[in-house]
Structures are given as C-alpha cells and as structure tokens.
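The values are calculated or read from the model by the stated rules, or taken from the named source; none is laboratory data. As the structure is a computational prediction, the values presented were derived from the model and not from experiment. With ideal geometry, Cβ positions are generated from the backbone for all residues, glycine too; neighbour counts draw on all protein chains shown.
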Amino acid sequence: MYILSLSRKSENVNTYEKIFVGAYLLRQKGEKIDYLTVTEFAELKNCSVQYIQQYCKDGKIQTEQELNCKGRMKYLIPVSALSKDLQAKYYAQLKKDTGLEPELAKDKPEKPSKTRKSSRSFEELSADERTQLNFWCGLLQEWQGRRSQYKSKTEFDKNFVGECRLKYDDIEISERILYRKWTAYKNDDFDGILGIRGAWNRNNSTIPESVWNDFLWEWLDENRPTVSLCYRSTIKWTAEFYPELLGEIPSEMTFRRRIERDIAYAVKTLLRDGEKAFSDRCSPYIMRMYDKLEANDCWIADNHTLDIQSYDDNGNVHRLYLTAFLDAKSGVIVGWNIIESSDSQSTILALRHGIMRFGIPKCIYVDNGREFLTHDIGGKGHRTHGKKGEEQQPEPPTILKRLGIEMRNAIVRNAKAKPIERTFYTVKNQFSKLFSGFCGGTILERPESLKRRIKDGKLPCDYEIREIFEKWIDNEYNSQNYGGSETCYRELSRLDVWNKTCSEIRKAPESALNLMLMRSTRKQKIKRNGVYVTICSEKIWFTEPKETIMNLEKEVYVRYDPADLRTVRIYDAETDKYMFTWSLADQLMADYLEENMETVAGANALIRETKKFVREQAKGTVTALSNQQRITLPDMTVRKSQAEKDEDFRIIQPKRIVPIMADEEPEERMAVGAENVVIDMKKIRKNSEMRKK
C-alpha cells in the first residue's frame, strides 16, 4: 500500500497528491515518463509549438537534445523541470488515459490546520487597546469563576450575557462572543480577545519575488506611473519572461497593500517625487533658535505677486508685485514697496521705507534672485564664483556696505529658510481676498465670477490697493498676536514684541540716507560726452563740458537716483573719492533728422565753447616759458650738429680693394641731334661746385 509523504511544504496539497499519485501509477505500469517532446509540452501548456521552441532555445527551461529519425536535433523537456501545476496536469491526464485509481492508506494524515496566533505583543498595542484588553480579561475571568459554581453551564451563560447587557450598554456581547474570546484568551491571542479578525497571516505576501522586483522597478520612477499601469505592465513582462508564474500573480489590491506595508514613505518620496520633495517632507531640518536674536538684527526680504487683478494708469488689467522686509524676531513687516514689476529698484525703495520707519538693520536675509544679487545693492552673493579662469572685475562699494548691513543668502531651492513665505500666505488670505479682483494663486482658487467682474469693469485700481495695503499693514497685520516659536511672547502683538526686544536702533539723516541709497554703475572711463547711466538698456549721458574735457579716459563710477536723473555724482574708481556732480547732457542730444536749427546751434555752441576752453588752457600752459624753454626741436637738432662738427669724422678705406666689373661695355650718351659731340663730365662737375660756392 502506497502512503503519502508527510514532509510536504507546499500549501497546495492537492497538487502534490496528484503529482505523487500519478508518478506512482505510471511507475507501476512501467511506462517511460521522464521526458516530454516540444509538441507534448506545447499541448500541455496550451500554447504554440514555435513559442516552446524559442522558449527552449533561450534556455528558460531545462532541456536535453538528441537526434530524431531524420538526423535533426530535437529538444526533450524533463517532467521534473516543469512547474508543480503543469506536473499535476500532466499526471492527471495520464491517470485519466490509463484509468487507474490510487489506493491510499486509511491512515492518511489530515490536512494540517492553520492555527491563528496573535501577531502582536502587549507592548505593541495602543493605549485604548490595552484598556479594552484589560476589561475583557477581567470579564472573562469573572465569567469562568462564577460559571464553575453552577451545574447547568448553558443556563448560567444566558443569564450572565443578560446581566452584562444591562450593566454595559456600550458593548456588544453574546454567548458566541464569550466562547470565541475565551478561546483566544487561552491561546494568548490578544487580537482575538479584542475582536480584531483577520490579519493572522500578515506580512506573508504571495507575490513572486521576481514579479515584485519588476513591479517596483516600474513603479518607483520619477514619472510617477499609477499602480494600475505598472500592474498591467508587470503581467505582460511576466508573460514574456516567466510565463510559468502567471498563475501565481495575485490581484492589484495585493500589490497596493504590499506597497503600503513594505515600501518606506521616505523611499517612495525620494524615488517618485524627487530630492526636493524628500528634503521638504522627510529630511531632518535645522531648528532655528531665536533666544539670542533681537529686533532689527535680521530682516528677511522677498517678492510676492499679489493675487489681485487690478487696473493700471492706462486701464490695463494686470497684477502688482509686493517687495517686503520682515523682521525675523518679531514678524513685523517693517518696509514694503508695491510696483508693477519686481526689480532691484523696488528692493531699494522697500529698504528705504523700512529704514525710515524702524532704523537700519544689522543683516538682511535674501534668496538668490536677480533683484537682490546685483553688483550695486549687495553684491552677487553665491553668483560671485565666475567661470574657471575668469577674473573678477573690481566693483564699487555696494549700498549695503555703505549702510553697514551684512547680506546673507539662502540655499538654492530651500523654501524652509525663509519664514516670509508664511507671511505672504497670510497676505493672500487676509488682504488679497478683500478685493473683487481676487484671482487666487492657482486655477483651483480662482473665483468663477472673476471673468464677469473683469467684463463689467469692477476691478480695483492700483492706487486703491496701495492705499489700503498701507493701512492694513500697521492697523491689522503688525497689530495681530505674535505667532512665532517663542511662547513667552504669545500674548503680545508683533509690534509689542519689536518694541520689547529692540535694545538699540541705528539711524541716519535723510540727506545722508539718500546718498548711501544711490545706485552705482560699474567702473567706466570718462568719454568725450561724459559718463553714462544705463536705464532700460538705454544710455543716458551726463556731462560738465570743462570738467569732462580735462578728465578724459579717467576711470570713475557713477552714483545716481533712478527717481531723479537730472544729476549724477562722479567718484574716483581707485580711491572712492567724490569728484564732481554732472548734469544731464540734453544739449548734445538731437534727432537724426533734426530740423530745429536752434537745437543744433546750441550743441555747436557748446562744442565751440569747449574747444575755446581747451585752447586757453593750452595757451596758459606755455605763457610762463622762458626763451631758453621755447627752443624748438629743429633748433635743438642744428645745435647738436654744430657741436659735433669739430669732432674728427672720417672714413678709413681698407688697403684691399675688390673691383666689380659689368658684363658689358658701357655706352657713351650723346645729346640728341649732336651725335659727334662728346660730353665732358669732369667739366660739368667743376662748374657745379663753383656755382655752389
């Protein structure tokens, strides 16, 4: 009698029984069952013969080769190389063909039962679960203690359940519940006592490891494909490379549950959302301490696009930009400027506004925007590192350096470093939403009636926004409760915190402040028309004719106020010393086809005046010279020749002379018409010398 083995490890017991019984029966018949041909394997697998041939050729299954009757090579697949399901299918077909039934022993072991065990210890339970567990354990102990005193246990159980229902209104209890919980109590199954069903086989995944790895390769991608798309792609991949595993792939929900259980949130964020999202959500961050910080120690600056559609002076619909400075200690908005487009000049105006109200800060904290990192405001910050081998040109002193303010730059793409972003969120919710032109920061926040308001002309104007914002800042925002991390100031307003923590204030007179806040050009040379300032890619020239002509090619830099371009100040590039104040060179500007002769005449008069001035300067230079200093260069040459005349000057001929002769005889030239006349060259030379004397 054949007895089944008890050492089976597969969960599919019936499959192993079929394989084992089929093999036994065929061995009893004495048939050869070790190998399958390609055609038999294709019929068993229910696919084409060509697919199996390529499958064997690629080495995806164990095969042996031998020659057929025609002398060609053929593949033989051993039955042991097949999957368990295919082996069971193969032996089942053979059993059906032979008509034999196995005789199994009567003492066949039963199918092993799956005992439920608690997957969690007492320490892993939550506080509420521990409370419920203590309650049920006490109730079960009371039930068993009283139950032993009664002969009719069933009758007592009914009475006990009724008593508990009257005593505990908020719990569900019955006889079956008591029996089930008592079984769990005896097996130390905490989840069973708490009534948490299922999850006894948690963390045991049925997904084949190779299939799971391919799924993760596709799902953990920065393009963030969906689980459904990756699941379908994984099935196609398995059908091509591992078709024997198709039957073992579970449902899509199983993949979703394993993602939540096995893939860490940080890993998913890094690989699917990128490094910035990982840094913002998962990476640890530096907690800034404000204990040693005082008011005006550090101001934070940034730009914000107001979420308001408004009309400009020409009636065009646009959005304004806000440049603001925030005190890091108190959260007070100290200075601001509202402009049509954010630029470096708006930064200077907002800084000047804050200095006039709260004094000069010790440090400002800005990002790496062009409106902050300009050569004349605070320098280039992180942009100072030019290309390799490129020399850095010397720059004039910056505005912040003249004011004694240190500039610090935030790390690129690090929004956590600027708390002013949270302030702009408050501006959006508490200020921008007050206006009918509110458009929101995204398309989802945009009101549906905004188009109708634009069509009806019910949008605010720019001047209205500026006026209301000035009142809202001081009367509303700066007067609100302090919302920083220091709990000792929670009962104070932002302005009260500034007043309490400001130990000293740095002030400058308005006239001196205007000079220190002037913009600076880069180093340039004084040209014929003076110096220039570039505004909107156009050169505006400034000159003072007499001073310009006498300082040509001198290296200087220019300080100017963009709001008042009537005059500029000239400073020496080497010593940073003030030199001149020049006016706009409007007399030298004329249209290409200028017809007004007065304009051209004025420019020509200025040119003549400049030339006359230079001549006078030159004349004054030689007026004080003596007669000895007025000797010209030809006179000095003659004097030098006369002085050297008395010296011996002779050419000594060497004794050895080498004659050089021509290859042909020279011809004697005769006067035209006098062929018999001979020219006496000696006489001609003699007469010439007499004439010279």
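With segment 303-375 as the region, which strands (runs of 3 or more DSSP E) entirely inside it contain at least 2 residues that are under 14 Å from MET407 (Cβ atoms)? Quick ask: steps written out before the conclusion?
Working: elements: 321-327, 333-339, 363-366.
The strands (runs of 3 or more DSSP E) meeting that bar are 363-366.
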| said: Among the residues that make up segment 427-440, is at least one of them in contact with a helix residue (DSSP H, G or I) (Cβ under 7 Å, 6 or more places away or on another chain) and modelled with pLDDT under 90? | reply: no
| query | Could you say whether any residue in segment 451-462 is hydrophobic (A, V, I, L, M, F, W, C) and part of a helix (DSSP H, G or I)? | reply | yes
| Pick from segment 300-322, criterion touching a His at 6+ places or on another chain (Cβ under 8 Å) and either of a type in the set (D, E, K, R) or within 21 Å of GLN480 (Cβ to Cβ) (or both), ranking: surrounded by the most Cβ atoms within 10 Å (Cβ to Cβ) | LEU322
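One line per residue, one yes/no per condition, for (1) within 60 Å of the chain's Cα centre (by Cα); (2) assigned to a strand (DSSP E or B); (3) of a type in the set (Phe, Trp, Tyr); (4) modelled with pLDDT of 50 or more:
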position	(1), (2), (3), (4)
THR15	yes, no, no, no
LYS32	no, no, no, no
GLN53	yes, no, no, yes
CYS69	no, no, no, yes
LYS89	yes, no, no, yes
PRO102	no, no, no, no
| message | Take ARG180 and tell me if it is assigned to a helix (DSSP H, G or I), more than 59 Å from the chain's Cα centre (by Cα) and without any contact (Cβ under 8 Å) to a residue 24 or more places away in the chain. | response | no
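Each row is one residue, and each column tells you yes or no for (1) surrounded by 14 or more Cβ atoms within 10 Å (Cβ to Cβ); (2) modelled with pLDDT under 90; (3) not assigned by TED's automatic domain parsing to the domain that holds ARG224; (4) not in a helix (DSSP H, G or I).
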{"site": "PHE255", "(1), (2), (3), (4)": "yes, no, no, no"}
{"site": "GLU260", "(1), (2), (3), (4)": "no, no, no, no"}
{"site": "THR269", "(1), (2), (3), (4)": "yes, no, no, no"}
{"site": "LYS276", "(1), (2), (3), (4)": "no, yes, no, no"}
{"site": "ILE286", "(1), (2), (3), (4)": "no, yes, yes, yes"}
{"site": "ASP291", "(1), (2), (3), (4)": "no, yes, yes, yes"}
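Which of the residues belonging to segment 482-497 are over 34 Å from the mean Cα position of the chain (by Cα) and not basic (Lys, Arg)? Spell out how you get there, then give the answer.
Kept after step one, since they are over 34 Å from the mean Cα position of the chain (by Cα), are these residues of segment 482-497: 488-493, 495-497.
Correct list: CYS488, TYR489, GLU491, LEU492, SER493, LEU495, ASP496, VAL497.
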| request: Examine segment 452-459 for a residue that is surrounded by fewer than 14 Cβ atoms within 10 Å (Cβ to Cβ), in contact with a strand residue (DSSP E or B) (Cβ under 9 Å, 6 or more places away or on another chain) and aliphatic (A, V, I, L, M), and state whether such a residue exists. | output: no
| message | Name the residue that is farthest from the chain's Cα centre (by Cα), counting only residues in segment 416-446 that are among the basic types (Lys, Arg) and surrounded by 15 or more Cβ atoms within 10 Å (Cβ to Cβ). | response | ARG446
| request: State whether one or more residues within segment 503-515 are closer than 15 Å to VAL568 by Cβ and out of contact with any helix residue (DSSP H, G or I) (no Cβ under 7 Å at 6 or more places or on another chain). | output: yes
| request: Have a look at SER511, SER449, SER479 and point out the one that is loosely packed, with under 15 Cβ neighbours inside 10 Å, small (Gly, Ala, Ser), touching a Leu at 6+ places or on another chain (Cβ under 7 Å) and not assigned by TED's automatic domain parsing to the domain that holds TYR560. | output: SER479
| remark: By residue number, the members of segment 235-253 that are more than 18 Å from LYS60 (Cα to Cα) and either outside any helix (DSSP H, G or I) or free of Cβ contacts under 8 Å to residues at least 24 places away in the same chain (or both) are ILE249, PRO250, SER251, MET253
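Can you tell me which of ASP302, ASP297, ASP273, ASP291 is within 30 Å of ARG494 (Cα to Cα), charged (D, E, K, R) and within 25 Å of the chain's Cα centre (by Cα)?
Working: ASP297 fails: within 25 Å of the chain's Cα centre (by Cα); ASP273 fails: within 30 Å of ARG494 (Cα to Cα); ASP291 fails: within 25 Å of the chain's Cα centre (by Cα).
The conditions single out ASP302.
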| Residue list for segment 145-172, restricted to those being closer than 18 Å to GLN132 by Cβ and not in a helix (DSSP H, G or I) | TYR168, ASP169, ASP170, ILE171, GLU172
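Yes/no matrix, rows are residues, columns are (1) among the hydrophobic types (A, V, I, L, M, F, W, C); (2) in contact with a Pro (Cβ under 9 Å, 6 or more places away or on another chain):
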{"site": "ASP291", "(1), (2)": "no, no"}
{"site": "CYS298", "(1), (2)": "yes, yes"}
{"site": "SER310", "(1), (2)": "no, yes"}
{"site": "ASN316", "(1), (2)": "no, no"}
{"site": "ASN337", "(1), (2)": "no, no"}
{"site": "SER344", "(1), (2)": "no, no"}
{"site": "LEU349", "(1), (2)": "yes, no"}
{"site": "GLY359", "(1), (2)": "no, no"}
